[in-house]
Amino acid sequence: MPGIYNTTPSGSGKPVRHHTLVVLVENQPGVLARVAGLFARRGFNIYSLAVAPTDDDERFSRITIVVDVESSPLEQITKQLFKLINVVKISELDPADSVERELMIATVKADPSVRSQVIELVDVFKGSVIDVGFDELSIAVNGDPDKLDDVEELLRPYGIVELQRTGRVALPKLERTPPRLKSLQNRSA
Amino acid sequence: MEPNEPTNGGAALIRALELEGVEVIFGLPGGAILPVYDPIIDSSIRHVLVRHEQGAGHMAEGYAHVTGKPGVCMVTSGPAATNVVTPLADAYLDSVPMVCITGQVPYAAIGTDAFQECDTTGITMSITKHNYLVSRAEDIPRIVREAFHIATTGRPGPVLIDVPKDIVDPTNARSALDWYWPTDEEVVAGLPGYRPTTKGHPRKIKEAAEMILAAEKPVIYAGGGILKARAADALKELAELTGIPVVTTLMARGAFPDDHELCLGMPGMHGNYTAVMSFQECDLLITLGARFDDRVTGKLDEFASKAKVIHADIDPAELGKNRTPDVPIVGDARLIIEELVSNIRSMLEGGRTQADITSWRSTLSGWQEKHPLHYDQPVAGERLKPQFVLETLRDNTPSDTIVCSGVGQHQMWTSQYWHFNHPYTWVNSGGLGTMGFSVPAAIGAKVAFPDRMVWAVDGDGCFQMTAQELVTASVEKIPVKIAILNNSYLGMVRQWQEMFYEERYSEVFLSQDVPDYKMWAESMGCAGFRVDSPEEVLPTIQKANEINDRPVVIDFRTDAAEKVFPMVASGRSNSEVMVHPSQVAGIGER
């Protein structure tokens, strides 16, 4: 499924706006079902999902959800999400103002005649070979979703046997202006 | 029970309910919940044994509606849990505080399709404010405290606690715990994701106060949140301070007295003409604890299209859900209204004047004169007019009578024709529209206030859904009174088929003579009456009012052709409200 993330899906013609919600929840049984249920009940498809504990005592988990909806229903669903007792915090990340990472692992056809080409390609994308078979290689690459789309596209001609991508995780982009300069800018504005 | 005293999950559960101040549990025992029923024998809590678990849920709701305290019901696993699904959904949509305890198969058996097993927390996830599957006995005191906290604060709602049998069964080692009782602070600290906003934003409130003083055609749209927030007195103060008329939704009937000169009554699909049109023509809609339900707005695009909107609600998700407000205020209705009043008062004292609303007020009273509620008087020999029965009942019962209804024509007529002059005297199923609500809800209300008169106005279709709870009422000595407006039809569906399906009546006729309601009532231990003629209406009501040792059922034989007017057809604009045919000539002269 190349290109489902930030670009126009083939065939549909209209640009798709994706939203990333980062939801901090209490790490309790059933909490993922509650969150996912809110999307399902409104007929929204979750494209990508990542869940993991966030702190040492595992009291909280962070759920990163990528969903394709108009912003107005998303605002309502965000409010409904926040009504869930176990949801502690929600932030909506704009792809332009955040850094995003995914991990892709794949098994690729690579008989001895093309093996070095595949390894070279993986190297270019700073990936690694994680398993080697007689005529197949398993590789791992991490990076932003666009980069993984590219890797996928370039590997396809060799023959992808199996491919998995994790859900996306994201952080807001950091402040790049020193605080003193920023206050000066604000004053002049 | 002392701190750190060894105990078991079942005893701890009942002790926790006692400490939460529970007076009564509505329920029905069964296999998985058996160990919790044993300590009930020694408890101070009254248990009302129902005949069907749906009844337990609606009784808990009825109790909660009239007291404001959370209603509690307790049932076993599997089919019992699925039987309370309807009341839970009902309580969720009408924001009724309720705590429901369900039995569950032993923890280790969950997911094995064990006898009477169902995924109760999964099934009820979307119809409860929150639910719990208890996994350890030591969690019980904390979970019970959290459940009551969640059910009663913020926007109230039902909370379910699913309790596996092994952790409440004293013969099982997994039920052992050392007693403790969390403090309020511990409860709050244990719920980091639950912090309802109660105090409205001062700047928004000030903005709203400015708009209220500037509006020439303002109207207050008061919803069920007024009652939930115990804000009826504050609302009256706001209305009287500003002279702004008040519309009370189906869920807010009684939140503002019907006999008050500023009361316009009920809006919406079967609201009265003036209330409906006041929304359409106003320039400021002051929305307090209401949610722009489709039954109120009609076609949303054309609802109150000339108005600026102030929307105050404790649930932030309601703001902008259906109508984008000009001034949104999140918070408790009572606190917000009190702040509004004090803002307006100090602005007036500081020399600000309020816009002149006298012309608006006279427009409204003109509509009231031209389009009062109306029904044709019966022709001799015809069946009773339901409105006549209601007026007679209304005029011959104390003003603090608690009135419950089911869902359908009889519900709309009751809301229209009753004069609700006290808050918490009206109990009905608004959001979910649950037929069969009234009999058990009336029982719950009567348990809460045994000294007050409780009348359920029911339809014959509704009555047949939950009438078995009158056995409960007889046995438990809960003397509720039931007025069945019996037109032999599913009346509201019949009305739609008559008006919108070319009088093609599909599956709406119940039966002319079966069941015999008088005999049925008597067989359930109630006094039973049947009334066919207008002359019998008053004496029979008087007789019923004097019976206090058992429930009473009156079968009023009413006219099936009678329809509820006014009516806004589904999906149409409120401006296209259909008034009673006899008033049609008056339309368009406004």
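The values are calculated or read from the model by the stated rules, or taken from the named source; none is laboratory data. The structure displayed is predicted, hence computed values, not measured ones. Cβ: placed from backbone, ideal geometry, glycine included. Neighbour counts: every protein chain shown.
So is B:Ile226 part of a loop (DSSP other than H, G, I, E, B) and closer than 19 Å to B:Val309 by Cβ or not? In short, no. With respect to (1) within 14 Å of chain A (Cβ to nearest Cβ); (2) not in a helix (DSSP H, G or I), the lone exception for B:Ile150 is condition (2).
A residue that is closer than 27 Å to B:Pro39 by Cα, away from every other protein chain (no Cβ under 14 Å), touching a residue at least 24 places away in the same chain (Cβ under 8 Å) and not in a helix (DSSP H, G or I) occurs somewhere in segment B:81-95. Tell me whether segment B:440-460 contains one or more residues that are at positive phi, modelled with pLDDT of 95 or more and not assigned by TED's automatic domain parsing to the domain that holds B:Cys73. No, every residue in segment B:440-460 fails to be at positive phi, modelled with pLDDT of 95 or more and not assigned by TED's automatic domain parsing to the domain that holds B:Cys73.
Of the residues A:Arg115, A:Arg168, A:Arg156, which single one is surrounded by 12 or more Cβ atoms within 10 Å (Cβ to Cβ) and under 24 Å from A:Thr54 (Cβ atoms)?
Values: A:Arg115 fails: under 24 Å from A:Thr54 (Cβ atoms); A:Arg156 fails: under 24 Å from A:Thr54 (Cβ atoms).
Exactly one of A:Arg115, A:Arg168, A:Arg156 is surrounded by 12 or more Cβ atoms within 10 Å (Cβ to Cβ) and under 24 Å from A:Thr54 (Cβ atoms), namely A:Arg168.
So that you can scan it fast, the table gives a plain yes or no per residue for (1) touching a residue at least 24 places away in the same chain (Cβ under 8 Å); (2) exposed (fewer than 14 other Cβ atoms within 10 Å of the Cβ); (3) more than 14 Å from chain B (Cβ to nearest Cβ); (4) at negative phi:
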residue: A:Arg34; (1), (2), (3), (4): yes, no, no, yes
residue: A:Leu38; (1), (2), (3), (4): yes, no, no, yes
residue: A:Arg41; (1), (2), (3), (4): no, yes, no, yes
residue: A:Ala50; (1), (2), (3), (4): yes, no, yes, yes
residue: A:Asp57; (1), (2), (3), (4): no, yes, no, yes
residue: A:Val69; (1), (2), (3), (4): yes, no, yes, yes
residue: A:Leu74; (1), (2), (3), (4): yes, no, no, yes
residue: A:Ile90; (1), (2), (3), (4): yes, no, no, yes
residue: A:Ala96; (1), (2), (3), (4): no, yes, yes, yes
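B:Leu470 meets all of the listed conditions (1) in a helix (DSSP H, G or I); (2) under 25 Å from B:Gly68 (Cα atoms); (3) in contact with a strand residue (DSSP E or B) (Cβ under 6 Å, 6 or more places away or on another chain) but one, namely (3).
Looking across B:Glu503, B:Glu535, one residue alone is in a helix (DSSP H, G or I), of a type outside the set (Val, Ile, Thr) and loosely packed, with under 13 Cβ neighbours inside 10 Å. It is B:Glu535.
Of the residues making up segment B:539-551, those that are over 26 Å from B:Gly381 (Cα atoms) and either touching a helix residue (DSSP H, G or I) at 6+ places or on another chain (Cβ under 6 Å) or not in a helix (DSSP H, G or I) (or both) are B:Ile547, B:Asn548, B:Asp549, B:Arg550, B:Pro551. Pick from B:Ala448, B:Ala442, B:Ala355: which is under 28 Å from B:Ser533 (Cβ atoms) and either of a type in the set (Gly, Ala, Ser) or over 26 Å from the mean Cα position of the chain (by Cα) (or both)? It is B:Ala442.
From the list A:Ile130, A:Ile85, A:Ile65, A:Ile105, exactly one residue is away from every other protein chain (no Cβ under 14 Å) and closer than 29 Å to B:Thr128 by Cα. Which is it? Show your work before the answer.
Numbers: A:Ile130 fails: closer than 29 Å to B:Thr128 by Cα; A:Ile85 fails: away from every other protein chain (no Cβ under 14 Å); A:Ile105 fails: closer than 29 Å to B:Thr128 by Cα.
Answer to the check: A:Ile65.
Among the residues making up segment B:319-338, those that are touching a strand residue (DSSP E or B) at 6+ places or on another chain (Cβ under 9 Å), in contact (Cβ under 8 Å) with a residue 40 or more places away in the chain and either within 9 Å of chain A (Cβ to nearest Cβ) or part of a helix (DSSP H, G or I) (or both) are B:Ala333, B:Ile336, B:Ile337.
I'd like to verify a number: residues in segment A:16-32 that are within 14 Å of chain B (Cβ to nearest Cβ), surrounded by 13 or more Cβ atoms within 10 Å (Cβ to Cβ) and either free of Cβ contacts under 8 Å to residues at least 40 places away in the same chain or in a loop (DSSP other than H, G, I, E, B) (or both), how many? Residues in segment A:16-32 being within 14 Å of chain B (Cβ to nearest Cβ), surrounded by 13 or more Cβ atoms within 10 Å (Cβ to Cβ) and either free of Cβ contacts under 8 Å to residues at least 40 places away in the same chain or in a loop (DSSP other than H, G, I, E, B) (or both): 4 in total. Residues in segment B:187-205 that are surrounded by fewer than 14 Cβ atoms within 10 Å (Cβ to Cβ) and either hydrophobic (A, V, I, L, M, F, W, C) or in a helix (DSSP H, G or I) (or both): B:Ala189, B:Pro202, B:Arg203. For B:Ala114, the conditions (1) small (Gly, Ala, Ser); (2) outside any loop (DSSP other than H, G, I, E, B); (3) more than 14 Å from every other protein chain (Cβ to nearest Cβ) are fulfilled apart from (2).
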